[in-house]
1. Looking only at residues that are touching a helix residue (DSSP H, G or I) at 6+ places or on another chain (Cβ under 7 Å) and part of a loop (DSSP other than H, G, I, E, B) in segment 33-59, which one is surrounded by the most Cβ atoms within 10 Å (Cβ to Cβ)?
2. Scan segment 60-105 for residues that are farther than 16 Å from residue 18 by Cβ, in a helix (DSSP H, G or I) and within 16 Å of the chain's Cα centre (by Cα) and jot them down.
3. Given the criteria in a helix (DSSP H, G or I) and at pLDDT 85 or above, does residue 171 qualify?
4. Would you confirm, using the coordinates I've provided, whether residue 200 is surrounded by 13 or more Cβ atoms within 10 Å (Cβ to Cβ) and modelled with pLDDT of 80 or more?
5. Does residue 30 qualify as being modelled with pLDDT of 90 or more and surrounded by 18 or more Cβ atoms within 10 Å (Cβ to Cβ)?
6. Test of understanding: among 81, 2, which residue is assigned by TED's automatic domain parsing to the domain that holds residue 109 and farther than 19 Å from residue 103 by Cβ?
7. Pick from 129, 65: which is surrounded by 13 or more Cβ atoms within 10 Å (Cβ to Cβ) and modelled with pLDDT under 85?
8. Within segment 12-20, does at least one residue satisfy the condition of being within 27 Å of residue 169 (Cβ to Cβ), at pLDDT 90 or above, in contact with a helix residue (DSSP H, G or I) (Cβ under 9 Å, 6 or more places away or on another chain) and exposed (fewer than 14 other Cβ atoms within 10 Å of the Cβ)?
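The values are calculated or read from the model by the stated rules, or taken from the named source; none is laboratory data. This is a predicted model, so every value here is computed, not measured. Every residue, glycine as well, gets a Cβ built from its backbone with ideal geometry; the counts of neighbours run over all protein chains shown.
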């Protein structure tokens, strides 16, 4: 598959998503310009793919990206019911449908990307597997990631999910200039999953002391965001592991 074929595939995905929204009677929840455009999400999806699957996009691995995008689409729209708790315009706590679609895709593409990276690492480094057959830290991370995604669907409304993702983005912006940003971002994901310092250390292959050092800028960023937003509940996901 080449670049043009991949873009055509994303166009088909956008059209399929539009049909689902139409079948659910939610077209009127889109902005007026998007209500009659089956490809309204194509540009947004292209940007999300380039960001969340950059390690594949930059290598031109379009077939692998198709697999991950297809898996994400299936989990978002076919396996789950993303609109179960959707609040329509005018209802309390309503959020623009386009924003929620962006959130659904961002979360799921990120999850598929991390899972694929972990699988790739296991395939080229069999030492990640314990000799007694127990799951490696990489496999544990994948399992917990799936559990985390499922629990978010059950425990939080669409509005709460959007607010949570917004706060996480604010934290990430505060550490964006750090040289080890990608490592810090991964640690934030693991903190949200409930990883302990020792589990983070095993997953990253570093000492617990090193993890404590890495947690400092994260703790400062979270505290700053909580202070500015006034949303103290946000820190509850992390506080036990930031000490």
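1. 41
2. Residues satisfying the conditions are 65, 68, 70, 71, 72, 74, 75, 99, 103.
3. In short, yes.
4. no
5. In short, yes.
6. On inspection, the qualifying residue turns out to be 2.
7. After applying the criteria, what remains is 129.
8. For segment 12-20, residues within 27 Å of residue 169 (Cβ to Cβ), at pLDDT 90 or above, in contact with a helix residue (DSSP H, G or I) (Cβ under 9 Å, 6 or more places away or on another chain) and exposed (fewer than 14 other Cβ atoms within 10 Å of the Cβ): absent.
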